[in-house]
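I have placed the structure first, in the form of structure tokens, so that the comments after it can refer back to it.
The values are calculated or read from the model by the stated rules, or taken from the named source; none is laboratory data. Because the structure is predicted, anything quoted here is derived from the model rather than measured. Quick reminder, even Gly has a Cβ in these numbers, built from the backbone with ideal geometry, and neighbours come from all protein chains shown. Calculation scope for accessible area: heavy atoms of the full protein, side chains included, ligands and nucleic acids excluded. Shrake-Rupley method; radii C 1.70, N 1.55, O 1.52, S 1.80 Å.
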Amino acid sequence: MIINSSDIEKAQLIISNIKKEDLIDTKDYIENLKKFAEHPISDGCLPFMESTVIPHFMPIGYYIKSDEKHFQILAGQFEHMYLYRGENRDYPEFTPSIDRLDKEDIDHCIEWIKAEEFKEFFKSCIYYKRLSEIEVAGYNFQPDIEAIAQHYGFATSYLDFTQHHDVARFFALTYFDKEEGIYKPIREDDDYVPRIYSIKLTDIYDLCKDALKIVGLQPLGRPTLQMAFAIDTRLYNNDLKSNFKVTMLKKDNTGTNYIYNDLFNKGKTLFPDERILQDVNRIKNGNGRNANIPSKWLLKYSKLFNKDYNKLRSQLSKKHYKVVDKFYALTKAEQEQINIETTTKILPWIEKNIGFMPKELNLPPY
């Protein structure tokens, strides 16, 4: 790590041990996957590569160029060939969280505004500032704010996928208890039909390359631990779900307990206790007080969805929401807390664990 100043606020991570032209992009990554899949060496590797155990000598992420100025971080080993999604029922189609809400219901307004408020907060605060300063081969890191919002419970147009089969099994074999705010295991006599959808990463890329989003390391806990990818469903004109293979899971209490308790510690492994949860909870519900709705976003919502502003305001008032002009922001002490954590923990971790992938794989001849 290069520390540009003794002032911790200006400490940066700059990695320049690779030429700018050698940093691969998503297309290069997909081409490498295709070559690997066609090689006999992949046959013996795939079952191991799909496990949740990552060898200690391997990088646990790769730098991937996203455009001419920015990069993102792919979490996981590149040899993972599939994307998975676990669901506990047979839904007619893949539906992102924002589209599960009735546009005629005031809850659609609330959820849309909360997501937009969070995204604006994240982009304007020190989280985004410090992460955007990370520089690799002349490129700067670009957090995916839509994906971050999705992973922390805001309604978006993204649909979550994972590179790890066991992560998908967790979501297939659990349900979300809204009252307690946690995932709970499905029991054998519960009215659920768990299943896992899978597709080759290369195939989903070929369907619509711009819709595939490398979420990976943001770097925040949830998307990293869930080895996350996402699909921007706005970019698909056909039924995305029809392109996936479905595998039904048996409702077995012993197997479910193994996934729920042993592998993922009742979900705590996938949903760690993080500093950002304070901001998420305050924006969602005001830490238990009546939540605020920024007037700026209510006005934008009314114009975008052709709704009457005053009528919306009245509906919000009945649900104990207050329309205000101010926005949620971090205190100076909170900013310094995040600043220190970024400099002393996040940046060193990235430098140690994230690696480069060559444009051309050095596979043995066959």
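Structure above, values below:
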{"item": "Positions within the range 102-119 being more than 17 Å from the chain's Cα centre (by Cα) and either within 20 Å of PRO219 (Cα to Cα) or surrounded by 16 or more Cβ atoms within 10 Å (Cβ to Cβ) (or both), in sequence order", "result": "ILE106, HIS108, CYS109, ILE110, GLU111, TRP112, ILE113, LYS114, GLU117"}
{"item": "Matching option when the condition is among the aliphatic types (A, V, I, L, M) and more than 23 Å from CYS125 (Cα to Cα), among LEU277, LEU240, LEU298", "result": "LEU240"}
{"item": "Positions within the range 135-151 being buried (at least 23 other Cβ atoms within 10 Å of the Cβ) and either over 15 Å from the mean Cα position of the chain (by Cα) or among the hydroxyl-bearing types (Ser, Thr, Tyr) (or both), in sequence order", "result": "VAL136, PHE141"}
{"item": "Residue check, ASN339 assigned to a helix (DSSP H, G or I), at pLDDT 95 or above and either farther than 15 Å from ILE113 by Cβ or open to solvent by less than 70 Å² (accessible area, probe 1.4 Å) (or both)", "result": "no"}
{"item": "Helices (runs of 4 or more DSSP H) wholly inside the range 161-256 containing at least 2 residues that are within 13 Å of ARG85 (Cβ to Cβ), open to solvent by 20 Å² or more (accessible area, probe 1.4 Å) and of a type outside the set (A, V, I, L, M, F, W, C)", "result": "165-172"}
{"item": "Test result for ASN261, assigned to a loop (DSSP other than H, G, I, E, B) and farther than 30 Å from ILE15 by Cα", "result": "no"}
{"item": "Scope the range 313-333; condition closer than 25 Å to ASP279 by Cβ and in contact (Cβ under 8 Å) with a residue 40 or more places away in the chain; matching residues", "result": "LEU316, LYS319, TYR321, PHE327, TYR328, ALA329, LEU330"}
{"item": "Neighbours by Cβ (under 7 Å, 6+ apart or cross-chain): first from the range 74-101, β-branched (Val, Ile, Thr); second open to solvent by less than 20 Å² (accessible area, probe 1.4 Å)", "result": "ILE98/ALA155; ILE98/THR156; ILE98/SER157"}
{"item": "Index of the failed condition, ILE354 passing every other in (1) under 29 Å from ILE110 (Cα atoms); (2) surrounded by 14 or more Cβ atoms within 10 Å (Cβ to Cβ)", "result": "(1)"}
{"item": "The lone exception for VAL323 - which of (1) under 28 Å from CYS109 (Cα atoms); (2) in contact with a Lys or Arg (Cβ under 8 Å, 6 or more places away or on another chain); (3) at pLDDT 90 or above; (4) assigned to a loop (DSSP other than H, G, I, E, B) it fails", "result": "(4)"}
{"item": "The range 193-226, residues that are closer than 20 Å to LEU347 by Cα and of a type in the set (Ser, Thr, Tyr)", "result": "THR224"}
{"item": "Residues (open to solvent by 10 Å² or more (accessible area, probe 1.4 Å) and part of a loop (DSSP other than H, G, I, E, B)) located in the range 63-81", "result": "SER66, ASP67, GLU68, LYS69, PHE78, GLU79"}
{"item": "Residues within the range 295-310 that are open to solvent by 50 Å² or more (accessible area, probe 1.4 Å), in contact (Cβ under 8 Å) with a residue 24 or more places away in the chain and not in a loop (DSSP other than H, G, I, E, B), tallied", "result": "2"}
{"item": "The range 82-97 - residue that is in a loop (DSSP other than H, G, I, E, B) and open to solvent by less than 30 Å² (accessible area, probe 1.4 Å) and, of those, modelled with the highest pLDDT", "result": "ASN88"}
{"item": "Count of the range 323-366 residues which are polar (S, T, N, Q) and out of contact with any helix residue (DSSP H, G or I) (no Cβ under 7 Å at 6 or more places or on another chain)", "result": "5"}
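For (1) at positive phi; (2) touching a strand residue (DSSP E or B) at 6+ places or on another chain (Cβ under 6 Å); (3) at pLDDT 90 or above, each residue gets a yes or a no:
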| position | (1), (2), (3) |
| --- | --- |
| THR202 | no, no, yes |
| VAL246 | no, yes, yes |
| THR256 | no, yes, yes |
| LEU277 | no, no, yes |
| ARG282 | no, no, no |
